[in-house]
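Let me begin by presenting the structure, written as C-alpha cells, before commenting on it.
The values are calculated or read from the model by the stated rules, or taken from the named source; none is laboratory data. Here the structure is a predicted model, which means the values were calculated and not measured. All Cβ positions, even for glycine, are placed from backbone atoms using ideal geometry, and neighbour counts span all protein chains on display. SASA here: full protein model, heavy atoms, side chains in, ligands and nucleic acids out. Shrake-Rupley method; radii C 1.70, N 1.55, O 1.52, S 1.80 Å.
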Amino acid sequence: MTRLSAILTASTILATAGAAQAADWTGYTYSSVSTTAAVQGMERITEEVAETTDGELDITLHLGKTLQIASSDITQAVGDGIVDFAADYFFSGSVPIARVLNLPMLINSEEEWATAYDAMEPYLREGFEEQGVVYLGGYRYPQQTIFTTFEIDDLSDLEGHKIRVTSPEQGQFIESFGGGAITLSGSEVPTSLERGVIEGVLTASAGGAKNWGEFLPYNYRFAVNYGNSVIIANADAFEALPEEQQEALRNIVSEEGPAITEAFMEDEQVQMDKQQSAGMTIVEEAEGDSDAALEQMQGYWTEWAEDKGPQYVEALQAVRDALGK
C-alpha cells in the first residue's frame, strides 16, 4: 500500500467512525400548532442541541398528528424507541403518580407549584425510568379555569351542566359541585360545544380557549388546578450518547422548560385581553368559593392516594409536607 493510499484509508476509517457517533433522533410533540409556546420551545431545544453538539446530535421534530402516535401513547412510544425524544402532556396514563401535581386545589400559586414540583421530582424520574424513558424536565401551563356556554358567577352554577375535563381528578371537582364530567379529545371539543354535548371546558386562556373561545362566551376565573408537560427521551438512545451530549441536552432542557412556562404566562394575559375584547364575559372568583372547594377536595386527595397505593400516599404526603398542607 502506498503512503497516499494509507492516508486515504485512515481518513475513511476516521470519517466512518465519526459518522457512527453522530445521532439522528426523531422528536415528537403532542401539539399540532406550530405557533404555540410549547412547539416554539421544543424547536429551540432541537436547534440549540444541534448547535451545541456541532450537529452530532440532530433531532427532527414532528408536530402532533403527523406521526401515527395517539396523544395518550407518546410516553410509551418513547419507551419503545418509536421516537427518541418528545414532549408529552398526556403522560399520566403511563406514569399515573404524576397526577399528584394535578389534584384540584392542592397547588394554588406559581410559588406553590415550584415547591410541589421539587418534592415530586424523584417520583417522576422513577416513574419514567420504569417505562424505559429518561425524564429531562418539563414546563407548565397557566392554571386551568372554567369556560362555559352558560352564564356563571360562582361554582354553584355548575350544577346540571356538562363540562369537558382532561382527567378523572378534574371530573371529581366538577361532580362535587353538581356538574357532569365528560372526557373528550381536543379535536372533538368545538363540535361538541356546538351540539350541546358539552357546555363548558376546563382549560387556560392560552391553552384550549385560544382555539375554542368563539364557542365559550363566559370565563369564570376560578383556578381548579395546573396542567404540565414533560420532556423525555428514550433511555437506550440517551445512554448511547457521549456524556458531553447527555449533559448538553439536560442543560438545554433545564433552561428551555422554564422559558416555555414563562411564555405561556405572558400569553395567558394577552389571550384574556383578546377574548374579552371579542365579547367574552370574564368573571372573577366569587367570595367563599375557594374555601368551599378546598373543603370538598381535601378529603378527596387522601382517598385518591389511598385507593392507588402506598407510593401515592407517600408522594402526596411529601407534597403536602412541602406545602405545609
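Odds and ends about this structure:
- Rolling a 1.4 angstrom probe over the chain with all protein chains present gives an accessible area of which 46% lies on carbon and sulfur atoms.
- Computed over segment 90-236, the ratio Rg/Rh where both radii use C-alpha atoms and Rh is Kirkwood: 1.00
- Descending Cα extents along the principal axes, the chain, whole Å: 89, 45, 31
- Range of Cα positions in segment 208-298 per principal axis (Å), largest first: 54, 36, 20
- Summing Lys and Arg as +1 and Asp and Glu as -1 over all other residues whose Cβ lies under 12 Å from the Cβ of Lys162 gives a net charge of -1.
- MRE, 222 nm, helices only [DSSP H, n ≥ 4, -39500 (n - 2.57), over the chain, to nearest 500]: -15500 deg cm²/dmol
- FRET efficiency, 1/(1 + (r/R0)^6) with R0 30 Å, evaluated for Lys325 and Thr183 via beta carbons: 0.65
- Taking the Cα centre of the chain as reference, the dipole from Cβ charges on Lys and Arg (+1) and Asp and Glu (-1) amounts to some 860 debye.
- The simple Förster model, with R0 at 45 Å and r as the Cβ-Cβ distance, assigns Val197 and Ala240 a FRET efficiency of 0.45.
- Against the chain, whose longest principal axis is taken from its Cα atoms, helix 3-21 shows a tilt of about 10°.
- Were the residues from Gln269 through Ser156 laid out at 0.36 nm apart, the gain over their Cα-Cα distance would be 38.1 nm.
- Once the Cα atoms are used to define both axes, helix 243-277 deviates from the longest principal axis of the chain by about 30 degrees.
- Solvent exposure of the chain as accessible area per residue, Å², 1.4 Å probe: 46
- Relative to the longest principal axis of the Cα atoms of the chain, the long axis of helix 37-52 lies at roughly 20 degrees.
- Listed residues Tyr89, Ile69, Ala204: farthest to the positive end of the dipole of the chain (Cβ charges): Ile69
- This model, with +1 at the C-beta of Lys and Arg and -1 at the C-beta of Asp and Glu, gives segment 232-323 a dipole about its Cα centre of some 180 debye.
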